[in-house]
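Take a look at the structure below.
What follows is calculated from the coordinates using simple rules that are stated; it is not laboratory data. All values reported here derive from a predicted model rather than from experimental measurement. No Cβ is skipped: glycine too gets one built from the backbone with ideal geometry, and neighbour counts run over all protein chains shown.
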Amino acid sequence: MAKLRGRKISNRTVEALSVEDRDAVFWDRELLGFGVRVYPSGAKVYVVQTRREGRSKRVTVGRHGVISAPQARRRAALMIARLKAGEDPVPPRAAPAVDTSVTVAELADRFLREYVAVRCKPWTVMTYRGALDRWILPALGRLPVGAVNHGHVAALHYRLRDIPYRANQVVAILNRMFSLAEVWGLRRPGDHPCRAIRKYREHHRERFLSEEEFRRLGRVLDEVEAETGEGRGRRLGASVAAALRLLMLTGCRRNEILTLRWEEVDLEAAELRLRDSKTGPRVVPLSAAAVCVLAALPRVPGNPWVIPGSKLGGHLSNLNDHWLRVRARAGLEDVRIHDLRHSFASRALALGESLPTIGQLLGHGQVATTARYAHLARDAVKASASRVADSIAGDIRTRAPRREGGGR
């Protein structure tokens, strides 16, 4: 056991210690079991070593420079005493106090106010509010935050198994809520009720409009504009038709069109310069047809929105109800509004556009999002290969047969 030349471990003696080949431990002459380990790199760590139940046990006290020698000595004396008494050298930390009176409903209110409203986009805010009001609060709202366990979350997740996307979304929202509850001191850390909840496999439905279906939808939109009467009712019909046409002609998300402002529209450059979208600011190129739709829309005095709604100064907010009526008249009962965006991507692939280009057109933030259309790209390649092969096959069949024997 290496002993220090001085009387005891001090800042001065520790600073003077060094080793060359391998690390060594130097022990204090006064406090038995208290030492400092010196590494060839120059690092110095205070340690404690004593015997417990017939075995030697060494524990780290702290790093020199982070704590001083006197501090290490005081800690070492306490740790040696605990080891000899058969206790852990470092007493366990007391669990932080938590407020057990707060319910999940109160946590949800704070979550919406202090986190969602500050950090999330308006459409996400609406989504979170809807999930809380429809599923989470009816099931868990009255429970104390600290009483919610894995079984409660698993039962709610299972109850929504027929709609796997919503089931997984509910767990994701709860996961964020209870993580914040730990930060806010409303729940003890390390006991997360959403841990080990396995997500359901989500089956992304694919529905693409054919050329004939696009034609039928176009005719119905013409009828909607012609049948809505005069005044504000006529403007509403024009807004609905324009919104749906722009969704078909741009591939934009529904909220990007409904919250479009005139200041974001540049008809001369044929662009939409969206200040905010799901993936941040982006530029949407406009075709001649899309420019015509926008140019035909009247600008309502005092209303900044491109798609005005029924309320003065507001934009169209509920397109779903109008879409249900439009699609029924067009015989497209299984088509969702979002399928117009999928159809835009499908037509682009059919016309030979690449996946990276389509990702830019749709404003995807990740390549993986566009990759869901990869199988359509393969179909387009197969169709192209078939056309080329058929053309060559025609040439092969029309060539004059070769005569046997080389005769003329």
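Projected onto the charge dipole of the chain (+1 at Lys/Arg Cβ, -1 at Asp/Glu Cβ, origin at the Cα centre), which of LEU272, ALA77, ALA389 gives the Cα projection farthest towards the positive end?
ALA77
Through the Karplus equation 6.51 cos²θ - 1.76 cosθ + 1.60, θ set to phi - 60°, convert the phi angles of the range 241-250 into ³J(HN,Hα) values in whole Hz; use x for Gly and Pro.
Working through the residues one at a time gives 5, 5, 4, 5, 5, 5, 4, 6, 8, 10 Hz.
Would you compute the Debye intensity of the chain from its alpha-carbon atoms alone, equal scatterers and no solvent, and pass along log10 I(q)/I(0) at q = 0.06, 0.07, 0.14 Å⁻¹ to two decimals?
Relative scattering, expressed as log10 I(q)/I(0), comes to -0.52, -0.63, -1.25.
Go through 179-188, 296-305 and give me the packing order, highest mean Cβ count within 10 Å leading.
Averaged packing, sorted descending, gives the order 179-188, 296-305.
Between the range 145-171 and the range 253-278, how far is it from one alpha carbon centroid to the other, in angstrom?
Here the two parts' Cα centres lie 37 Å apart.
If you place +1 on the Cβ of every Lys and Arg, -1 on the Cβ of every Asp and Glu, and leave all else neutral, what size is the dipole of the chain about its Cα centre, to the nearest 20 Debye?
The calculated dipole for the chain is roughly 2160 debye.
List the lysines whose alpha-carbon lies under 23 Å from that of LYS121, not counting same-chain residues fewer than 8 positions away?
Those lysines meeting the cut-off are LYS278, LYS311.
For ARG52, list long-range residues whose amide hydrogen, built 1.01 Å from N in the peptide plane, is under 5 Å from its own amide hydrogen.
Here LYS57 satisfy the definition.
Residue-wise, which Karplus ³J(HN,Hα) couplings in Hz belong to the range 139-154, taking 6.51 cos²θ - 1.76 cosθ + 1.60, θ = phi - 60°, and x for glycine or proline?
Using θ = phi - 60°, the values come out as 8, 10, x, 8, 6, x, 4, x, 8, 6, 10, 4, x, 4, 5, 4 Hz.
Kirkwood hydrodynamic radius, computed over distinct alpha-carbon pairs, for the range 186-305: how many Å, to one decimal?
When all Cα pairs of the range 186-305 are included, the Kirkwood radius is 17.4 Å.
When a/c is below 1.5 the answer is rounded, else prolate if a/b is larger than b/c, else oblate, so apply that to the range 104-183 with a ≥ b ≥ c taken from the square roots of the Cα gyration tensor eigenvalues.
Cα axes put the range 104-183 in the oblate bin.
Given Cβ point charges of +1 (Lys, Arg) and -1 (Asp, Glu) and nothing else, what value in debye, to the nearest 20, does the dipole of the range 223-378 about its Cα centre take?
Charge dipole of the range 223-378: 320 debye, to the nearest 20.
Which of the lysines could a cross-linker bridge to LYS8, judged by Cα under 18 Å and excluding same-chain residues fewer than eight apart?
Qualifying lysines at Cα under 18 Å: LYS44.
Looking at VAL224, PHE214, VAL145, which one has the Cα that reaches farthest to the positive end of the dipole of the chain (charges on Cβ: Lys, Arg +1; Asp, Glu -1)?
Looking along the dipole axis, the top candidate is VAL145.
Read phi for every residue in the range 286-302 and hand back ³J(HN,Hα) as whole Hz from Karplus 6.51 cos²θ - 1.76 cosθ + 1.60, θ = phi - 60°, with x for Gly and Pro.
Values per residue, Gly and Pro as x: 10, 6, 4, 5, 5, 4, 5, 4, 5, 5, 7, 7, x, 8, 7, x, x Hz.
Considering amide H positions built from the backbone, and no H for Pro or chain starts, which residues 5 or more places from VAL47, or on another chain, come under 5 Å of its amide H?
GLY35, VAL36, ARG37, VAL61
Taking a cut-off of 19 Å between Cα atoms, list the lysines near LYS84, but don't count ones fewer than 8 places away on the same chain.
The reachable lysines, counting only those whose Cα sits under 19 Å from LYS84, are LYS57.
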